[in-house]
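Sharing a structure below in structure tokens format, with a few things to ask.
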Protein chains: 2
Amino acid sequence: MKESSYVGPRSPENALFGLLYLHPDHGYQLYQRLVAELGEIWHLSQSQTYNILNRLEKQGFVIGKLQQQDKLPDRREFHLSDSGRLRFEEWLNNPSGCSIRAMRVEFISRLYFAHRIDSEKVWRFIDEQKLQLNNGLDRLGQTMADTPSEQVFNRMGLEFRIRQLESALEWLEDCRTAFETDTTGAIT
Amino acid sequence: MKESSYVGPRSPENALFGLLYLHPDHGYQLYQRLVAELGEIWHLSQSQTYNILNRLEKQGFVIGKLQQQDKLPDRREFHLSDSGRLRFEEWLNNPSGCSIRAMRVEFISRLYFAHRIDSEKVWRFIDEQKLQLNNGLDRLGQTMADTPSEQVFNRMGLEFRIRQLESALEWLEDCRTAFETDTTGAIT
DNA sequence: GAGGCTATACTCACTGAGTGAGTAAAATCC
DNA sequence: GGATTTTACTCACTCAGTGAGTATAGCCTC
């Protein structure tokens, strides 16, 4: 038996953590909420939702309680354990990676939860993410400079990433102003 | 025992298929080539390379032959089987998906192999990929139109993807002109 | 009121992605 | 001549994601 020092992407669990942070729920309903609220962002299947939930329970991040119902099937309501809540807050409060995928999926999710939990965080998240992207751009520029011109396609890949990150930065700007007009303007 | 009808992303195998298509090789060297040629595009580890190679052999897409060496460790040279070659050509000659990841990883790899195998294909690939992206944009626009304005964050995700795809389209244009000046200009 | 469909609620077995440690001998460097 | 690097590959693991299956209740239709 190994010690299991695996630290992978572990991304989709955070969506579930977040929804359970907002309020406890059972798998079926949780999946419905995920689709309704963040369905364009996370593309989980129902069975994957259950898979993750079961894993998180084994790992002690969520706790499930069986609820009997007279007519409908039994269900298990999950809520976050302390370690689960900690995990989520850790993920929530630290900037996402500077990949496009991280921006599209993780960052936007973090904005969603920030907006629901403590909307003041939104500004900090956006500004920190800008820094993150700028750092990423600097590193990519450096890598580009270190990549000899014979490696045409490696350079193409780098160029592509740089362009995409620049475009993401612009989007971040617009995102900020959108939130600004949203909060000064009207009903949230 | 199930029938195993799984069809997943199956992406990284195509990089290996391509390199083996160019010429047969053993795992160690293949990994070196991958890093040197497409290291900024595919981020495989050495062990993952071997993993995939072994799987592909079990599935009959590549064939390995043991080569004894007097001093250095034995190695196994792999070449594509007919089904492997078919698989690769299938992947190579059909447009990549219209996600950013597909553009960055799969499309650029396909350009790399096209450039090495039959450089005339490059033009077709670029033009077909433009179509692909435009179709994707249309679908996203439609989804956006179908997404009620309450779903703020779903809309944010869609908006982000649209912007990124538009930026990718611009890159495709520039990519085309870069290839044009490359071929009219000078030494390939 | 019988037959079919949809909603509720979840399980299970699988393939593939990706990690990280380990093995072992030759070559090379200091 | 001792330490490190290079060559060459294995193995056991965790997590991502799929797709089929289970079983009952409610609803709609003819």
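The values are calculated or read from the model by the stated rules, or taken from the named source; none is laboratory data. Note that the structure is a prediction, hence the values are computed from the model and not measured. For neighbour counting, all protein chains shown are included, and Cβ atoms are generated from backbone atoms with ideal geometry for every residue, glycine included. Ligands, DNA and RNA are excluded from the accessible area calculation, which covers all protein heavy atoms including side chains. Shrake-Rupley method; radii C 1.70, N 1.55, O 1.52, S 1.80 Å.
So for region A:1-93, considering every pair of alpha-carbon atoms, how many percent are separated by more than 16 Å?
Working: 2360 of 4278 pairs.
That fraction is 55 percent.
How much net charge surrounds A:Ser96 when only the other residues with a Cβ under 10 Å from the Cβ of A:Ser96 are counted, with Lys and Arg +1 and Asp and Glu -1? Could you put the intermediate results ahead of the total?
On the way: positive: A:Arg101, A:Arg104, A:Arg110; negative: A:Glu106, A:Glu128.
My count for the surroundings of A:Ser96 gives +1.
I've got another one for you. Go ahead and set up a Gaussian network model of chain B, Cα springs under 10 Å, then flag whichever of B:Ser47, B:Ser81, B:Ser99 fluctuates most.
The residue with the greatest mean-square fluctuation here is B:Ser47.
Another question, then. Which Cβ of chain A lies nearest the axis of the rotation superposing A onto B, and at what whole-Å distance?
A:Ser167, 2
Shifting gears a bit: Between B:Ile63, B:Gly157, B:Phe179, whose Cα lies farthest towards the positive end of the dipole of chain B when Lys and Arg beta carbons carry +1 and Asp and Glu beta carbons carry -1, centred on the Cα centre?
So the residue we want is B:Ile63.
Of the accessible area of region B:1-93, with the probe set at 1.4 angstrom, what percent is carbon plus sulfur?
Values: 2870 of 5650 Å².
Carbon and sulfur atoms account for 51 percent of the accessible area of region B:1-93.
Let me ask something else. Please list, in chain and number order, the residues 5+ apart from A:Arg76 or on another chain whose amide H is under 5 Å from its amide H, with Hs placed from the backbone.
It is A:Gly27, A:Gln67, by chain and number.
Based on alpha-carbon centroids, what's the gap between region B:61-135 and region A:24-76 in Å, whole number please?
Answer, in whole Å: 39.
Let me ask you something else. Ballpark to the nearest 100 Å², how much total accessible area do A and B bury together, probe 1.4 Å? Let's see the in-between values first.
Values: alone 11610 and 11630 Å², together 20360 Å².
So the buried area, both faces added, is about 2900 Å².
Please check: in the Gaussian network model of chain A (C-alpha springs, under 10 Å), which one of A:Leu111, A:Leu169, A:Leu140 has the largest mean-square fluctuation.
Among A:Leu111, A:Leu169, A:Leu140, the largest GNM mean-square fluctuation belongs to A:Leu140.
Hey, another quick one. Per DSSP H run of at least 4 residues, take -39500 (n - 2.57); add these up for chain B, divide by its residues and hand me the 222 nm value, nearest 500 deg cm²/dmol.
Mean residue ellipticity at 222 nm (helix-derived): -21000 deg cm²/dmol.
Straight distance only, please: which lysines reach the Cα of A:Lys130 with their own Cα at less than 17 Å, same-chain residues fewer than 8 apart left out?
Leaving aside lysines fewer than 8 places away in the same chain, those within reach of A:Lys130 are A:Lys121.
By how many degrees, between 0 and 90 and to the nearest 10, does the Cα long axis of helix A:121-146 differ from the longest principal axis of chain A?
For A:121-146 against chain A, the angle is about 40 degrees.
How large is the charge dipole for region A:97-188, taken about the Cα centre, if only the Cβ atoms of Lys, Arg (+1) and Asp, Glu (-1) carry charge, to the nearest 20 debye?
Working: 12 positive and 15 negative charges, 61 e Å.
About 300 debye.
Starting from the 7 Å offset along Cα-to-Cβ, what nm value, one decimal, do you get for the label separation of B:Ile117 and B:Gln67?
2.3
Give me the 1.4 Å probe accessible area per residue for region A:95-188, excluding ligands and nucleic acids, in Å². Show your work: numbers first, answer last.
Numbers: 4450 Å² over 94 residues.
Ligands and nucleic acids excluded, the result is 47 Å² per residue.
Hey, another quick one. Shortest first and in nm to one decimal, what separations exist between A:Arg124 and its copies in the other chains, measuring from label points 7 Å along the Cα-to-beta-carbon line?
Result, one decimal in nm: 5.5.
For chain B, with a Gaussian network of springs between Cα atoms less than 10 Å apart, report the residue from B:Asp127, B:Asp25, B:Asp174 with the top mean-square fluctuation.
Judging by the Gaussian network model, the answer is B:Asp174.
Loop-only trypsin sites (Lys or Arg not before Pro) in region B:28-98, please: DSSP not H, G, I, E or B, and at most 16 other Cβ atoms within 10 Å.
Numbers: sites: B:Arg33, B:Arg55, B:Lys58, B:Lys65, B:Lys71, B:Arg75, B:Arg76, B:Arg85, B:Arg87; in loops: B:Lys71.
Answer by residue number: B:Lys71.
Send over the per residue convex hull volume for chain A, Cα only, as a whole number of Å³. Working shown, then result.
Values: hull volume 30.7 nm³, N = 188.
Hull volume normalised by residue count: 163 Å³.
To the nearest µm²/s, what D does Stokes-Einstein give for region B:41-80 at 37 °C and 0.692 mPa s, using the Kirkwood radius over alpha carbon pairs as Rh? Could the numbers behind the result be given before it?
Numbers: Rh = 11.3 Å.
Rounded to a whole number, D works out at 290 µm²/s.
Moving on to the next point. Which loop-located chymotrypsin sites (Phe, Trp or Tyr not before Pro) does region B:6-77 contain, where loop means any DSSP state but H, G, I, E or B and the Cβ has at most 15 other Cβ atoms within 10 Å?
Details: sites: B:Tyr6, B:Phe17, B:Tyr21, B:Tyr28, B:Tyr31, B:Trp42, B:Tyr50, B:Phe61; in loops: B:Tyr6, B:Trp42, B:Phe61.
Answer in residue order: B:Tyr6.
While we're on this one: Under the Kirkwood approximation applied to all pairs of distinct alpha-carbon atoms, what is the hydrodynamic radius of the protein assembly as shown in Å?
On the way: mean 1/r = 0.0426 Å⁻¹.
The answer is 23.5 Å.
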